[in-house]
Amino acid sequence: MSDMELLYADKRIAVAVKPPGILSTDEPGGMPELLRRQLGPPCIRTVHRLDAATGGVMVFARSAAAASILSGQVRDHQFRKTYLAVVRGDPGHSGTWRDLLGRDPVRRRTVVAQEPGPDVRPAELDFQRLASRDGLSLVRITLHTGRTHQIRVQFASRGFPLVGDRKYGGDGETLALWSWRLGFTHPETGRSMVFTHQPPAAWPWTLFPLPETGR
């Protein structure tokens, strides 16, 4: 595989574009291994995750101290995560969705729960529809929680499955979900950092005018 696209790197962090189909965790062929091969050892640590089928912007820690600080920002909901998705149907102009999500360990799926329970956690996101065409909608999503498959389930449960999400009722070859913008505080300098990257120039993204990266 060719080198990962780097948006930024210093001695404490590396910001890269994860291709769809690559694991975000430290497993053979995962992003940490690929970045160590590209940037050199010893330390590349995952501090937040993307589903294997999801691509886009990620930040990785390059020291144990940086990993601890960034992981704390994730736990305290200080990461600012914005996604783009293409969904079937029209979810409306904008909205805030709150659900209770649990896991079905047998089917390895996230499900919407009707009442609280020991393995049920609240999930919240905001969305804005940017464009609609041919029965599809481009939406921009701001996550306030980071539950497993959260975006995919919250849209699919309302009848708007993501294109390419065959696990939750969508169809197509590639999951149309992209980590478009990521904001966080640098673990050493304390500087606010924001990185944005457009999804691939391929269907279904090419159906729509994409938002400018500076907005």
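The values are calculated or read from the model by the stated rules, or taken from the named source; none is laboratory data. Owing to the predicted nature of the structure, the values given are computational and were not obtained by experimental measurement. So basically every Cβ, Gly included, is an ideal-geometry build from the backbone, and we count neighbours across all protein chains shown. Only protein heavy atoms, including side chains, enter the accessible area calculation; ligands, DNA and RNA are left aside. Shrake-Rupley method; radii C 1.70, N 1.55, O 1.52, S 1.80 Å.
Which of (1) open to solvent by less than 80 Å² (accessible area, probe 1.4 Å); (2) in a loop (DSSP other than H, G, I, E, B) is the odd one out, the single condition residue 124 does not satisfy?
(2)
Say whether the condition of being open to solvent by 20 Å² or more (accessible area, probe 1.4 Å) and basic (Lys, Arg) is met by at least one residue in segment 15-31.
Taking every residue of segment 15-31 in turn, none turns out to be open to solvent by 20 Å² or more (accessible area, probe 1.4 Å) and basic (Lys, Arg).
If we keep just the residues of segment 176-208 that are in a loop (DSSP other than H, G, I, E, B) and touching a strand residue (DSSP E or B) at 6+ places or on another chain (Cβ under 6 Å), which is farthest from residue 4 (Cα to Cα)?
Selected residue: 208.
Take residue 95 and tell me if it is among the small types (Gly, Ala, Ser), more than 28 Å from residue 36 (Cα to Cα), in contact with a Phe, Trp or Tyr (Cβ under 7 Å, 6 or more places away or on another chain) and surrounded by fewer than 17 Cβ atoms within 10 Å (Cβ to Cβ).
Taking the combined requirement at face value, the residue satisfies it.
If you scan segment 169-194, which residues turn out to be open to solvent by 50 Å² or more (accessible area, probe 1.4 Å) and modelled with pLDDT under 95?
169, 171, 173, 174
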